[in-house]
Amino acid sequence: MRISEVMTESVVTADCSATLREVGELMRDRNVGSVVICETGYPAGLITDRDLALDVAADAVSVDEEVRDFATRPLVTCESEMDIEEAAALMVQHRVRRLPVMNGDQLVGIVTLDDLAVRTGDLQLAQQMTAEVAKSALPEFFFHQRGG
């Protein structure tokens, strides 16, 4: 199965000069958990609702700051004709749950770990992928040393 078969075609984007407030409003108004950040019209980073919560709320960053300094970079993307197994491996390798989908140099969609899991209809694959991304993103949580 190809990424183009499971991706979401409508991608919410914002320019890197947008403020954190503007990006948060976009997320709220478009009911999404992430925004692809573009620089000179090209995808350059990604920011999630979790990023906003940690950067703005937890660290008391001004909502008037530009998003460019808070977006995850470098942006990890996949190609629309990539197999979903390859995309899942990219997510695990780079510890991400979302991949903007490119067709050459054009942004054509976005795929999430949940998309791969749900749309394949393979519950075992879904659980395995979710566990692998979680373990790679939070190794200390899963593999911490117990004191003795």
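The values are calculated or read from the model by the stated rules, or taken from the named source; none is laboratory data. This structure is a prediction, so every number in the text was calculated from the model and none was measured. We place every Cβ from the backbone using ideal geometry, glycine too, and count neighbours over all the protein chains shown. Just the protein is used for accessible areas: all its heavy atoms, side chains included, with ligands, DNA and RNA removed. Shrake-Rupley method; radii C 1.70, N 1.55, O 1.52, S 1.80 Å.
So here's what we get for this one:
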read-out: Within the chain, longest stretch clear of exposed GluC sites (Glu not before Pro) (DSSP loop, no more than 14 other Cβ within 10 Å); value: 82-148
read-out: Whether the range 1-133 is rounded, prolate or oblate, judged on the alpha carbon gyration tensor where a/c under 1.5 counts as rounded; value: prolate
read-out: Cα-projected label distance for Val76 with Arg28, points at 7 Å along beta-carbon direction, nm; value: 3.1
read-out: Beta bridges per DSSP with both ends in the chain, % antiparallel, nearest 5; value: 75
read-out: Surface accessible to a 1.4 Å probe, Thr120 within the full protein complex, Å²; value: 40
read-out: Largest-first ordering by accessible area, 1.4 Å probe, given options Ser17, Ser34; value: Ser17, Ser34
read-out: Residue with peak Gaussian network fluctuation, the chain [Cα springs, cutoff 10 Å], from Ala14, Ala58, Ala131; value: Ala58
